[in-house]
Ligand code: PNS
């Protein structure tokens, strides 16, 4: 039976670190669904449509990967899709407690789902979407951090946001 894995995240925006995990998941499982979700602890910079579009572009070359959005519980989504595995990337020990808590909660809600952790490639250990946004907001070059196909969109968004802030006197 084909194994479907789900790669969840807020992907605000997708980074090279996320892409590394998605690529490796796509070589381990028959089908991979990258699902853009809401992290209630974070305020997103990009809309859900933008985040999905960025991921669709970045994963276009991976035949067994599709991208969706789901506004609900991850464990319910895995049931809905008949997915037996959740794939997450672990960067450092600091990720562990939070990820462990989420994995246990998800298994409590859907006992048929296992969370599998892939250790991030050393090159991307420091990388996060928050860091990308910070560098972009301050005019830095994000080309080493995100897929090439989304760099222009990030630059445009930051210019827009900065212009809006300037117009409202918040800068
Ligand atoms: O990339 P992130 O922000 O670390 O991803 C966290 C995410 C979106 C996977 C997590 O917040 C999540 O699963 N949100 C969906 C709602 C949910 O199921 N919450 C309970 C998880 S224990």
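Of the residues making up region 66-102, those that are more than 9 Å from the ligand (Cβ to nearest atom) and over 15 Å from residue 32 (Cα atoms) number 8. If you go through region 100-126 and keep only what is modelled with pLDDT of 95 or more and surrounded by 17 or more Cβ atoms within 10 Å (Cβ to Cβ), you end up with 103, 106, 110, 113, 115. Considering each residue of region 50-65 in turn, at least one proves to be under 24 Å from residue 121 (Cα atoms), within 14 Å of the ligand (Cβ to nearest atom) and in contact (Cβ under 8 Å) with a residue 60 or more places away in the chain.
Residue count for region 11-49, restricted to those that are within 12 Å of the ligand (Cβ to nearest atom) and surrounded by fewer than 18 Cβ atoms within 10 Å (Cβ to Cβ): 8. Among residues of region 80-100 that are closer than 17 Å to residue 126 by Cα, those with a beta-carbon under 6 Å from a residue that is outside any strand (DSSP E or B) at least six positions away or on a different chain give the pairs 88/99; 89/21; 89/120; 91/120; 91/125. Residue 154 falls short on exactly one of the conditions (1) surrounded by fewer than 11 Cβ atoms within 10 Å (Cβ to Cβ); (2) within 16 Å of residue 44 (Cβ to Cβ); (3) at pLDDT 95 or above, and that condition is (1). Restricting region 108-128 to residues that are away from the ligand (no atom under 12 Å from the Cβ) and assigned to a helix (DSSP H, G or I) leaves a set whose member that is nearest to residue 158 (Cα to Cα) is 124. Taking the conditions exactly as written (free of Cβ contacts under 8 Å to residues at least 60 places away in the same chain, within 21 Å of residue 47 (Cα to Cα) and not in a helix (DSSP H, G or I)), does residue 142 satisfy them or not? The answer is yes for residue 142. What are the residues in region 129-146 that are surrounded by 13 or more Cβ atoms within 10 Å (Cβ to Cβ), closer than 21 Å to residue 60 by Cβ and away from the ligand (no atom under 16 Å from the Cβ), if any? Once the filter is applied, which keeps residues that are surrounded by 13 or more Cβ atoms within 10 Å (Cβ to Cβ), closer than 21 Å to residue 60 by Cβ and away from the ligand (no atom under 16 Å from the Cβ), region 129-146 yields only 142. All of 105, 155 fail the test of being touching a helix residue (DSSP H, G or I) at 6+ places or on another chain (Cβ under 9 Å), within 15 Å of the ligand (Cβ to nearest atom) and not in a loop (DSSP other than H, G, I, E, B), apart from 105.
Per the listing 93, 55, the residue uniquely within 25 Å of residue 133 (Cα to Cα) and within 16 Å of the chain's Cα centre (by Cα) is 55.
The values are calculated or read from the model by the stated rules, or taken from the named source; none is laboratory data. It should be emphasised that the depicted structure is a prediction, and the values quoted were computed from it without experimental measurement. Every residue, glycine as well, gets a Cβ built from its backbone with ideal geometry; the counts of neighbours run over all protein chains shown.
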